[in-house]
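The values are calculated or read from the model by the stated rules, or taken from the named source; none is laboratory data. Keep in mind that what you see is a predicted model, and the values were worked out from it rather than measured. Here the Cβ positions follow ideal geometry from the backbone for every residue, glycine too, while neighbour counts run over all protein chains shown.
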Amino acid sequence: MVRDLLHIETASEIGGPRILMIYTGGTLGMVYDYELKTLVPLEFSELSKSLPELMRLELSLSIVSIDPPIDSSDMQPEVWQELASIVEEYYADFDGFVVLHGTDTMAFTASALSFMCENLAKPVIFTGAQLPIGVARTDARENIITALELAADRVEGSSVLHEVCIYFNGRLLRGNRAKKYESSQFDAFQSENYPMLAEVGVYCQYNFPYLQSKPKGDFKVHKKLEKGIVIVKLFPGMDLDVYESVFQHKSVRAVILETYGSGNASTKPSFLEALAKASQKGLVLYNVSQCVGGQVRQQDYASGLGLKNIGVISGKDITTEAAVAKLMFLLGQNLDSEETKRLLEINLRGEMAN
């Protein structure tokens, strides 16, 4: 599919790094209409008026939008497939990609793209804003400009970054390690279990030991995703009958168990029996901690060991967002059950500890 690209005039029309910006929607792309006296979606042909700083960038910039742009709370795997297709279609034509995305589901989308894009040798940087670009105090300007500069950054003719990232408020994070943790401050994202890839102030300081190495294989996009996943967040007093009905639903293929602490859950026989039946039925059970930091260690406590003994897979220090994306990706590959479980426990795209 050939899409219409909008070229934005910058300081470097010829010879600079070629960057494709992909607009999906979200808070960022709103401007104030003085006649209507309200915020309205930005026409991206007018982007240079809202961001005159683009004129000074030493890169070649083009923009494409998904159709129609959506609020990120309406994000679906079908949009992930469209984004992956855009990267695939223009991979040879551009040196890097910046995705403008709403903050609420940005970590889910960044995680999904990290799994869908195998042997990614170019940066795909997600960014957005807590305030619309048309608001005087917006954080959109700095986030967009810096994300573009990071996507264009090169050393000896090669991209510095070879992975899917999130850039927000001076922090460059691995996409499948990030979580949104703040709804009213500009530092919306954190990566508790993995260091920042870069910190950007007056200068950009890369954390080189923690960057993904440039892959040796050919770039490949995987577009098949399985949506039959549910998340069960454990809490005291949970009604087991409700969850047994979820486990038995014909469309469910995997369950993410958001457990306590380092992967602990109730030791009640009825609860463990329900999980054992689900495992025997063929459901994949994935143990992810409710804690922002730390990791699942099923062998440390009897409650966690009980889960391990009935076939629950440890997610180690993976985020819930990355766990959802990883399951959708692996279940979409038509692997046998044992191979799926094996791959869930190992690091594929930098999403978890080795």
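The set of residues from region 293-308 being within 25 Å of LYS180 (Cβ to Cβ) and either more than 28 Å from the chain's Cα centre (by Cα) or surrounded by fewer than 18 Cβ atoms within 10 Å (Cβ to Cβ) (or both) comprises GLY293, GLY294, GLN295.
Out of (1) assigned to a helix (DSSP H, G or I); (2) among the aliphatic types (A, V, I, L, M); (3) over 29 Å from PRO209 (Cα atoms), what's the single condition that is false for LEU327? For LEU327, the failing item is (3).
Selection of region 75-105 for residues being of a type in the set (S, T, N, Q) and over 12 Å from the mean Cα position of the chain (by Cα) yields GLN76, GLN81, SER85.
When the residues of region 251-276 are narrowed to those that are assigned to a loop (DSSP other than H, G, I, E, B) and charged (D, E, K, R), which ends up surrounded by the most Cβ atoms within 10 Å (Cβ to Cβ)? If we take residues in region 251-276 being assigned to a loop (DSSP other than H, G, I, E, B) and charged (D, E, K, R), then ARG253 is surrounded by the most Cβ atoms within 10 Å (Cβ to Cβ). Give region 8-24 a look and list any residue that's at pLDDT 85 or above and either of a type in the set (Ser, Thr, Tyr) or crowded, with 20+ Cβ neighbours inside 10 Å (or both), or say none. If the condition is that a residue be at pLDDT 85 or above and either of a type in the set (Ser, Thr, Tyr) or crowded, with 20+ Cβ neighbours inside 10 Å (or both), then PRO17, ILE19, LEU20, MET21, ILE22, TYR23, THR24 are the ones that fit. GLU182 meets the conditions (1) surrounded by fewer than 23 Cβ atoms within 10 Å (Cβ to Cβ); (2) within 22 Å of ALA323 (Cβ to Cβ); (3) touching a residue at least 12 places away in the same chain (Cβ under 8 Å); (4) not β-branched (Val, Ile, Thr) in every case but one. The failed one is (3). Comparison of PHE168, PHE208 shows that the only residue that is of a type in the set (Phe, Trp, Tyr) and farther than 29 Å from LYS49 by Cβ is PHE208. Of the residues making up region 185-209, those that are surrounded by 14 or more Cβ atoms within 10 Å (Cβ to Cβ) and among the hydroxyl-bearing types (Ser, Thr, Tyr) are SER191, TYR194, TYR206.
I'd like to check something: does region 226-249 contain any residue that is closer than 30 Å to TYR91 by Cα, in contact with a Phe, Trp or Tyr (Cβ under 7 Å, 6 or more places away or on another chain) and assigned to a loop (DSSP other than H, G, I, E, B)? No. The listed residues are GLU199, GLU156, and the only one of them that is at pLDDT below 95 and of a type in the set (Asp, Glu) turns out to be GLU156. Considering (1) over 26 Å from the mean Cα position of the chain (by Cα); (2) surrounded by 15 or more Cβ atoms within 10 Å (Cβ to Cβ); (3) assigned by TED's automatic domain parsing to the domain that holds ARG174, the lone condition that GLU244 does not fulfil carries the number (3).
When region 342-354 is filtered for residues that are farther than 24 Å from GLN76 by Cα and either at pLDDT below 95 or outside any helix (DSSP H, G or I) (or both), the ones remaining, listed by number, are GLU345, ILE346, ASN347, ALA353, ASN354.
Within the span defined as region 277-292, every residue fails to be part of a loop (DSSP other than H, G, I, E, B), outside the structural domain of GLU78 (by TED's automatic domain parsing), out of contact with any Phe, Trp or Tyr (no Cβ under 8 Å at 6 or more places or on another chain) and surrounded by 19 or more Cβ atoms within 10 Å (Cβ to Cβ). Given the condition hydroxyl-bearing (Ser, Thr, Tyr), within 24 Å of ARG174 (Cβ to Cβ) and not assigned by TED's automatic domain parsing to the domain that holds ASN119, answer yes or no: does some residue in region 337-346 qualify? Yes, region 337-346 contains at least one residue that is hydroxyl-bearing (Ser, Thr, Tyr), within 24 Å of ARG174 (Cβ to Cβ) and not assigned by TED's automatic domain parsing to the domain that holds ASN119.
Of note, ASP71 does not satisfy the criterion of being without any contact (Cβ under 8 Å) to a residue 24 or more places away in the chain and out of contact with any strand residue (DSSP E or B) (no Cβ under 8 Å at 6 or more places or on another chain).
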